[in-house]
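Colleague: Before we start, here is the structure in question, set down as structure tokens.
Derivation of every value follows stated rules applied to the coordinates shown; laboratory data play no part. Source: prediction; values computed, not measured. All Cβ positions, glycine included, derive from the backbone under ideal geometry; neighbour counts span all protein chains shown.
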Amino acid sequence: MNENKIKLILIDILSALFPDCGFDKDILEFADLMDDLGMDSITFISIIVKIEEIFGIIVPDDMLLMENFRSVKDIVLIVEHEIEGKHVEENS
Amino acid sequence: MTNLEIMLKYVSEHNSFYRISEMQEDLTLEKRPIIDRFTVQKLKKKILSEEYLGLNSRNLITLITSGSSGQPLRVYWDVKDYYKSMVCLWRRRYLYYGISPTSTVLNFNYNLYNNVSTSDSLRYYQRKNILSVNKASLSNEKAMHELVVLLNDMNIDWIYVQPSILERILNYYLRHKIEFPKVKYIETAGEVLSEKLRNNILYYTGITVTNMYGSEEMNGIAIECPYGNMHVLSENVIVECAENDCVTQTGKGSAIITNLHNRAMPFIRYNQGDVISLSEMRMCQCGFCDQMITNIEGRERTAVTIAGKILDTTIITEVVESVNNLLEYPIYLYNFVYLLSDQKLIGYIKLEELYKKWERTVSQELNKEFKKRGYSGLNIEINYNDAKIDYNKKQSMFIVR
């Protein structure tokens, strides 16, 4: 799955989780999830469980910090890293 | 390193209580002693890891547990570790049942919510997708009616509830011939779920109840999958069982649990106070391979109705917690007995050493708190004779005789 596709899916997830944030989808990717969207523990955990289910990954414990999920770019990097790690494991 | 090895390495380096010199290099549980609530209560903040001593409440989440044991305990979590621990439970809720933290939920707790004018009214708080109800306020018909009205107006996805409260709510709906709210999911926790209640909920509402076993000390310990098997949340805890000082990975005995995330206040081989039956790891139709908990025996919940109001462990726990919060935790242990013949409630209280001379103040405040909740006619006697405290923690802290 390429970076762009991950990003589009992620933006859809975030639009659904922050419906009243005042950000259009095309600028959501530049928002700070904590400062601009008000991400709290509820939405943070919701993001985790949804990306794990949709992308078929498990976010490692040491990455489970809100600070690591401040932007779409941050989350895309995490998802890509875990998908890649999963492929390496499956092929070895 | 596994999560267990990471936790044991952490406590050996950062926690003076768990730092046992001959075990510095031992990253297994085998030789570690079992601790219980008495030990943790006595230690107070000495069980906190060094980097968390002196930290204020902004960095730590504080949970208070007492429930049916009559032993108040404050549990501290680093916010980050608390999220990691909660994610373990939410993963299963989402994968099994499609429930996420943003699903609309009705839950029950001891938070006071002073949004009402009379002691008979429902105390609740609504924020975003969460409707939180003070469970002690559900002790009379008026409050139950208010809950029904609230639920009619809201579209609740799921209910998180103790079995005794669920039973009370179901009985109210049945008695008044009202249709039970159409929710997707009901999860029970905090008490033993009887097959009778499970079957009644299914029969009258069509909803299959899911049982979750957890605690403030551990967060989620195990949860039932859609196939009815109670899976240990092995990403969050290690569960063993002990009988006669012999700890095993399978069998029946006291639940001995190690939390894999709480660095602030680690619980390593902690006797949770329940008796469980634990199987070896096995594959389930749900797709997960875990140890299963096949039976849980907890303390019985007792209740008595006085002048139309229910008096049970939830009320008593809330009253004691209110006094403890007000007076900085003088009450160390408690048992309450309601004598039907004398229509009298007797509280057996053990105070902390520091508060030994506060008996009169504590009694006054306990009486005030019962009165605030509408039990003004209740005949209450408070007894500070230590010898009368029931240290047999196998029975509930509230008994009716």
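Colleague: Relative to the first principal axis of the alpha-carbon coordinates of chain A, what is the inclination of helix A:3-17, with its axis defined by its Cα atoms, in degrees from 0 to 90 and to the nearest 10?
Modeller: Compared with the principal axis, the helix lies near 40 degrees.
Colleague: If you don't mind, another one. Using 5 Å bins from zero, what percent of all Cα-Cα pairs in the stretch B:226-366 falls into each bin?
Modeller: Calculated over all Cα pairs of the stretch B:226-366, the distribution is 2, 8, 13, 13, 12, 13, 13, 11, 9, 4, 2, 0 percent.
Colleague: Given labels modelled 7 Å from the Cα in the Cβ direction, how far is it in nm from A:Glu90 to B:Lys177?
Modeller: 5.8 nm
Colleague: What's the average, rounded to a whole number, of partner chain beta-carbon atoms within 10 Å of each residue's beta-carbon in A:50-57? Walk me through the numbers on the way to the answer.
Modeller: Working: counts 3, 0, 5, 5, 0, 0, 0, 0.
The shielding value for this peptide is 2.
Colleague: Over all residues in B:94-104, what is the mean tally of Cβ atoms on other chains that come within 10 Å of each residue's Cβ?
Modeller: Details: counts 7, 3, 0, 0, 1, 1, 10, 11, 10, 2, 0.
Mean partner-chain Cβ count within 10 Å for B:94-104: 4.
Colleague: Which length gain, in nm to one decimal place, applies between B:Asn129 and B:Leu53 when the Cα-Cα distance is subtracted from 0.36 nm times their residue separation? Numbers along the way, then the final one.
Modeller: Details: separation 76, 0.36 × 76 = 27.36 nm, distance 3.47 nm.
Length gained, B:Asn129 through B:Leu53: 23.9 nm.
Colleague: Hey, another quick one. Taking the square root of 5 times each eigenvalue of the Cα gyration tensor, what semi-axes in Å does the equivalent ellipsoid of the stretch B:76-185 have, largest first?
Modeller: Values: eigenvalues 137, 65, 28 Å².
Calculated on Cα positions only, the semi-axes equal 26, 18, 12 Å.
Colleague: Next up: Subtracting the Cα-Cα distance from 0.36 nm times the residue separation, let me have the gained length for B:Asn325 to B:Tyr113 in nm, one decimal. All intermediate terms of the calculation are to be shown ahead of the outcome.
Modeller: Working: separation 212, 0.36 × 212 = 76.32 nm, distance 1.47 nm.
Working it through step by step, the gained length comes to 74.8 nm.
Colleague: Sketch the reach of a paramagnetic label on A:Lys5 as a point 7 Å from Cα along Cα-to-Cβ, and name the residues of the stretch A:13-36 whose backbone nitrogen lies under 18 Å away.
Modeller: Answer for this model: A:13.
Colleague: When the Cα centres of the stretch B:339-355 and the stretch A:49-92 are compared, how far apart do they sit, in Å?
Modeller: 54 Å
Colleague: Per residue and in cubic angstrom, what volume does the convex hull of the Cα atoms of the protein assembly as shown have? Intermediate results must be reported in sequence, preceding the final value.
Modeller: On the way: hull volume 84.2 nm³, N = 493.
Convex hull of Cα atoms, per residue: 171 Å³.
Colleague: Going from the alpha-carbon gyration tensor of the stretch B:297-339, what semi-axes, largest first and in whole Å, does one get by taking the root of 5 times each eigenvalue?
Modeller: Working: eigenvalues 91, 40, 16 Å².
Over the Cα atoms of the stretch B:297-339, the ellipsoid semi-axes are 21, 14, 9 Å.
Colleague: In the Gaussian network model of chain B, springs joining C-alpha atoms below 10 Å, which of B:His145, B:His14, B:His176 carries the largest mean-square fluctuation?
Modeller: Per the Cα network of chain B with a 10 Å cutoff, B:His176 tops the list.
Colleague: Shifting gears a bit: Could you tell me what percent of the DSSP beta bridges with both partners in the protein assembly as shown are antiparallel, to the nearest 5? Please report the intermediate quantities before stating the final value.
Modeller: Numbers: 51 of 75 bridges.
Percent antiparallel among DSSP bridges in the protein assembly as shown is about 70.
Colleague: Now for a separate question. Scan the stretch B:280-358 for trypsin sites (Lys or Arg not before Pro) in coil per DSSP, keeping those whose Cβ has at most 16 other Cβ atoms within 10 Å, and list them by number. Mind showing how you got there, number by number?
Modeller: Values: sites: B:Arg282, B:Arg299, B:Arg301, B:Lys309, B:Lys344, B:Lys350, B:Lys356, B:Lys357; in loops: B:Arg299, B:Arg301, B:Lys356, B:Lys357.
Filter output for the stretch B:280-358: B:Lys356, B:Lys357.
Colleague: For A:Ala16 paired with B:Thr248, estimate the spin-label separation in nm (one decimal), with each label point 7 Å from Cα along the Cα-to-Cβ line.
Modeller: The answer from the label model is 4.6 nm.
Colleague: Please give the contour-minus-distance gain from B:Glu381 to B:Glu353: 0.36 nm per residue of separation, less the Cα-Cα distance, rounded to one decimal in nm.
Modeller: Working: separation 28, 0.36 × 28 = 10.08 nm, distance 2.13 nm.
Taking 0.36 nm per residue and subtracting the Cα distance, the gain is 8.0 nm.
Colleague: Moving on to the next point. Ratio of the stretch B:84-147's C-alpha Rg to 2.2 N^0.38 Å, to two decimals? Spell out each step's value before the answer.
Modeller: On the way: Rg = 14.5 Å, N = 64, 2.2 N^0.38 = 10.7 Å.
Normalised Rg, Cα atoms only: 1.36.
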